[in-house]
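Here is the structure we will look at.
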Amino acid sequence: MSEITIRQAINDALREEMRRDSTIINMGCDVALKGNPFGITKDLVKEFGLKRMYDTPISESGFTGIAIGAAATGLRPIIEIQYMDWITQALDQIVNMAAKMRYMFAGKVSIPLVVRTTCGTGEGMAAQHAQCFINWLNSVPGIKVVAPITAYDAKGLLKAAIRDDNPVVFVENRPSYKLRGNVPNEDYIVPIGKAKLLRQGSDVTIISYGMMSLKAQQAAIEMVHEGVTCDVIDLRSLLPIDYDTVINSIMKTGRVVIAQESSLRGGIASDITAEIISRSFDYLDAPIERIGGLNVPMPYSKVLEDYVVPDIVQVKDAIRRVVD
């Protein structure tokens, strides 16, 4: 077991998988010679060369299309879209090609494609570099979406995504890259579609993902002083969602808070709320509380950004509302 950063965990997963399988290639802006602006692919080109590490033009639609063709013909491409805001440029390729080809070819074609991208707030990245479009992708049949927030999960889920024969969008939280955690030295994977219980309690179920999972965990720790204990569920996978873990928790607590960092309107919290009401309405003892960002473009100003993005205080306030 080693304590490493999430940045290193992702780099290690890429290196180990490329050593294991010679059909894996990496493509994206600055992934090779510069090792990615965030250091994620650092030094991989030294080991695997420019025939497996491809620096591309700034054309997300172009290199995504190339990767889909490569995946359909025997390779296992990993592409990098540095900011999730720019995934809009490649949505036609992802939604109308990658997600549908296996279905349209009656299962005769597999698309083992990983789309690595980033989101996250708190860095002053403003309106075009801080958006999270998981809610859009979550409506697309044929792809999987994962969003780890620990070093252990980042490495294990990326390995699982690379080995999957279906397109997987792997969403990294940029501000979390420096966070450290224990990671096994031996090979392992984290199954896609399985949530993780970060903390156990009996009064409230908090459902979240990404950085909001860590905020929810801290809020739950602080609420113990008020005599309230919480189950904190880190979804990890957003498509598919592990509703078995969610419903089992609700059967115990009867109260639910769902927290997301992205804008509340049209967000995944609304979809989860609808599923909970459909599957376990009789177990609810209070209305479901949803927390999310304000429905505005992300401001550059640190003060305004903090105002737009939900924090620990808001999670605690929501917990208090459902237990009152």
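The values are calculated or read from the model by the stated rules, or taken from the named source; none is laboratory data. Keep in mind that this is a model prediction, so the values were computed, not measured. Here the Cβ positions follow ideal geometry from the backbone for every residue, glycine too, while neighbour counts run over all protein chains shown. Accessible surface is based on the protein model in full, side chains and every heavy atom, while ligands, DNA and RNA are left aside. Shrake-Rupley method; radii C 1.70, N 1.55, O 1.52, S 1.80 Å.
Filtering segment 220-230 to residues that are in a loop (DSSP other than H, G, I, E, B) and crowded, with 19+ Cβ neighbours inside 10 Å leaves only Val228. Considering (1) surrounded by fewer than 17 Cβ atoms within 10 Å (Cβ to Cβ); (2) out of contact with any helix residue (DSSP H, G or I) (no Cβ under 6 Å at 6 or more places or on another chain), the lone condition that Tyr188 does not fulfil carries the number (2).
Residues that are in contact with a Pro (Cβ under 7 Å, 6 or more places away or on another chain), modelled with pLDDT of 95 or more and under 27 Å from Ala72 (Cα atoms): list the strands (runs of 3 or more DSSP E) wholly contained in segment 1-55 that include at least 2 such residues.
Counting at least 2 such residues, we get 24-28.
Determine which single condition Ile233 fails, assuming it passes every other condition in (1) in contact (Cβ under 8 Å) with a residue 12 or more places away in the chain; (2) outside any strand (DSSP E or B). Ile233 satisfies all of (1) in contact (Cβ under 8 Å) with a residue 12 or more places away in the chain; (2) outside any strand (DSSP E or B) except (2).
Reported count of residues in segment 34-62, each being more than 17 Å from Val171 (Cβ to Cβ), of a type in the set (A, V, I, L, M) and surrounded by 16 or more Cβ atoms within 10 Å (Cβ to Cβ), is 3.
Got a number for residues in segment 1-29 being open to solvent by 60 Å² or more (accessible area, probe 1.4 Å) and farther than 17 Å from Thr150 by Cα?
Within segment 1-29, the first condition is being open to solvent by 60 Å² or more (accessible area, probe 1.4 Å), and the residues that meet it are 1, 3, 7-8, 19-20, 22.
Next, only the ones that are farther than 17 Å from Thr150 by Cα stay: 19-20, 22.
Total satisfying the criteria: 3.
Looking across segment 63-86 at every residue that is under 21 Å from the mean Cα position of the chain (by Cα) and open to solvent by 20 Å² or more (accessible area, probe 1.4 Å), the one that is nearest to Val31 (Cα to Cα) is identified as Gln82.
This table checks each residue for (1) more than 30 Å from Pro299 (Cα to Cα); (2) in a loop (DSSP other than H, G, I, E, B); (3) modelled with pLDDT of 95 or more.
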position	(1), (2), (3)
Pro112	yes, yes, yes
Thr117	no, no, yes
Thr121	no, yes, no
Met125	no, yes, no
Ala130	no, yes, no
Trp136	no, no, no
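Going through Ile241, Ile207 one at a time, which residue ends up being within 22 Å of Ala286 (Cβ to Cβ), under 17 Å from the mean Cα position of the chain (by Cα), assigned to a loop (DSSP other than H, G, I, E, B) and at pLDDT 95 or above?
Working: Ile207 fails: assigned to a loop (DSSP other than H, G, I, E, B).
Only one candidate qualifies: Ile241.
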